[in-house]
Structures are given as structure tokens and as C-alpha cells.
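**Q** Just dropping this structure here.
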Amino acid sequence: TVLCYLHTPDKLPLAADVLAHPKLFFVTNSEFTKSLHVDKSIGAITRPLIRPADYATPTDRSAVVFINPSPHKGLEIVIELAQARPDIPFIFVVNQRAAGEKLRTQLKERGTANIEVLGPFSNMREVYKRARIVIAPSQWIETWGRIATEAHFSGIPVLASNRGGLPEAVGPAGVCVPADAPHAVWLSQLARMWDDRDFYDELSQAAFRYAEREEIQENNVVDSFVSFAKSALDRPVQRAPGVRRG
């Protein structure tokens, strides 16, 4: 029995006789990822296992947080937003010290005094404790949006692009913008989330509620995956005529 967990944009082309093997099973991390694999029979959708205790924290809601500030994650979009709103503090969280130094030099040349570059962190609660908004304007295909789920545990809404599985991860607890939207659209949505207290409070409460949905609860993620794996192991082999043995 082979259980294949699909969680990247790779379409994993396989020969027809392999796909027809009765002991080959597929699981994806999102509805979007499932849509990439129309040639496969997807047995289950299992969300990423994200423990609330590792991320939930009180937050002073003082900054916009941008995690992994790289070009394919929408770096230029966020820099332009920071330049347009010098009154808003931005925190860029890097995962390597060398990347942080390089980014600081780049930002200094562009005069973005309201951007603070921090990281790497082993405890992401240190990041989220300052977040009013988490921004994720990804320009590449995200099959999920882990940081959205992490942020929601603390009632932090997310401003994201609509690429891939991000809309599923963000849900009602934020705003999704077309990835190629002009600067003015991104700026207007950021302004609404930052400046409109009532709108922000609605999104924050939606984040808390969305973080409680069953599909991402730790026990449900583990139990549903184990249940599917057991059913796959127990499934009898019924080979179709002409299917190669292997």
C-alpha cells in the first residue's frame, strides 16, 4: 500500500497502469490541490497539522507582519504599501540572518523607515504578538496558506492574494486580492483593514471563529488521516483486467 500526500503545485504525472493500482491512494492538503490532480482519485483532504498552542498569543496589534519577504511572496507589493503608508509599522520576518542583512540594506536605500526586519525566530508567537494584520500577497501558487491559520489562532486577519489555496486558508477572516491587482487596490484594502475599526473587529472575530472549524482541529486532522490510512491498508486488492501486477 502506498499513500501519497500531495501538497505542492507539482502535478506528478503517472502512467495509467500506476494510477489504476488498487493499493495506491492519494491525499491532498486543500481543495485547490485536489483540483490540480484531475487524473487521480483523491481519497481525502487532510489540512496541515498546526497546533494552536504553538502560535496563539495576546497581541498588541501594532504592526503589519510579512513573513518570508521574498519576491515570489510579493515583496515589492509590501514595500510599496509601506512607502504609501509611512504611518503604519511593518515587520518583515526572515528565516535566515544573511537574508535579513541583505534586505535591510535594500530597504535603507529605498527610504522605508517604517519597516523593521526581524528574525529568524524559533517561536513564532514572538512574531504574532505584535501583529494587527498578516499580509501574504504571494505571486506564486500556494496550495494552502499556513500563516493564515497560524494568525487566526490569535484573531489576526489576513490580507492575501487569491493565488491557489490561499482563499481557502483565509476564508472569511481576511481579504483576498487578485495577485496581479494594481497598487491602488492593495492600498485600499490595507487602508480599510487598518483604519476602519468596525471592519477590523468583524474580521478579527471571524478569525477566532474560523480557527475553531473542525477541519483544522489537531485531533480531527490526526484522527481523519489515521482513519483513512487504516481503510487504505484494509482495502482488499481487486485488480481490473489488464492491470499489471507490481
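The values are calculated or read from the model by the stated rules, or taken from the named source; none is laboratory data. Please read these numbers as outputs of a predicted model, since none were measured by experiment. Positions of Cβ are backbone-derived with ideal geometry, glycine not excepted, and every protein chain shown enters the neighbour counts. In case anyone asks, the SASA skips ligands and DNA or RNA and just uses the protein heavy atoms, side chains included. Shrake-Rupley method; radii C 1.70, N 1.55, O 1.52, S 1.80 Å.
**Q** What residue, among those in the range 24-47 that are part of a loop (DSSP other than H, G, I, E, B) and open to solvent by 30 Å² or more (accessible area, probe 1.4 Å), is nearest to E126 (Cα to Cα)? Let's see the steps before the verdict.
**A** Going residue by residue through the range 24-47, those that are part of a loop (DSSP other than H, G, I, E, B) are 29-30, 36-41, 46-47.
Of the ones still in play, those that are also open to solvent by 30 Å² or more (accessible area, probe 1.4 Å) are 36, 38-39, 41.
Details: L36: 35, V38: 41, D39: 43, S41: 41 Å.
Applying the filter and picking the extreme gives L36.
**Q** A further question on this structure: Please indicate, with yes or no, whether at least one residue in the range 126-140 is at pLDDT 95 or above, surrounded by fewer than 16 Cβ atoms within 10 Å (Cβ to Cβ) and hydroxyl-bearing (S, T, Y).
**A** no
**Q** Sort out which residues of the range 66-115 are among the aliphatic types (A, V, I, L, M), buried (at least 17 other Cβ atoms within 10 Å of the Cβ) and touching a residue at least 40 places away in the same chain (Cβ under 8 Å), and write them in order of number.
**A** From the range 66-115, those among the aliphatic types (A, V, I, L, M) are 67, 75, 77-79, 81-82, 84, 88, 91, 93-94, 98-99, 103, 107, 113, 115; that's our starting set.
Filter once more, keeping what is buried (at least 17 other Cβ atoms within 10 Å of the Cβ): 67, 75, 77-79, 81-82, 88, 91, 93-94, 99, 103, 107, 115.
I67, I77, V78, L81, I88, I91, listed by residue number.
**Q** Which condition number does K129 fail, the rest of (1) of a type in the set (K, R); (2) without any contact (Cβ under 8 Å) to a residue 40 or more places away in the chain; (3) in contact with a Pro (Cβ under 7 Å, 6 or more places away or on another chain) being met?
**A** So the condition that K129 fails would be (2).
**Q** Evaluate the range 147-161: report whether one residue or more is in contact with a His (Cβ under 9 Å, 6 or more places away or on another chain), open to solvent by less than 60 Å² (accessible area, probe 1.4 Å) and over 30 Å from A15 (Cβ atoms). Spell out the reasoning first.
**A** First, the residues of the range 147-161 that are in contact with a His (Cβ under 9 Å, 6 or more places away or on another chain): 158.
Subset that is open to solvent by less than 60 Å² (accessible area, probe 1.4 Å): 158.
Now restrict to residues that are over 30 Å from A15 (Cβ atoms): 158.
Taking every residue of the range 147-161 in turn, at least one turns out to be in contact with a His (Cβ under 9 Å, 6 or more places away or on another chain), open to solvent by less than 60 Å² (accessible area, probe 1.4 Å) and over 30 Å from A15 (Cβ atoms).
**Q** I'm checking my understanding of the structure. Among residues of the range 166-214 that are aromatic (F, W, Y) and surrounded by fewer than 17 Cβ atoms within 10 Å (Cβ to Cβ), which one is farthest from the chain's Cα centre (by Cα)? Full working, then the answer.
**A** Step one: filter the range 166-214 for residues aromatic (F, W, Y), giving 186, 194, 199-200, 208, 210.
Remaining after also requiring surrounded by fewer than 17 Cβ atoms within 10 Å (Cβ to Cβ): 199, 208.
Values: F199: 22, F208: 16 Å.
Only one residue fits best here, namely F199.
**Q** Can you find a residue in the range 217-239 that is open to solvent by less than 80 Å² (accessible area, probe 1.4 Å), at pLDDT below 95, outside any helix (DSSP H, G or I) and small (G, A, S)?
**A** No, the range 217-239 contains no residue that is open to solvent by less than 80 Å² (accessible area, probe 1.4 Å), at pLDDT below 95, outside any helix (DSSP H, G or I) and small (G, A, S).
**Q** What are the residues in the range 148-166 that are outside any loop (DSSP other than H, G, I, E, B) and touching a Ser or Thr at 6+ places or on another chain (Cβ under 9 Å), if any? Full working, then the answer.
**A** Going through the range 148-166, the residues outside any loop (DSSP other than H, G, I, E, B) turn out to be 148-152, 158-161, 166.
Selection gives A160, S161, L166.
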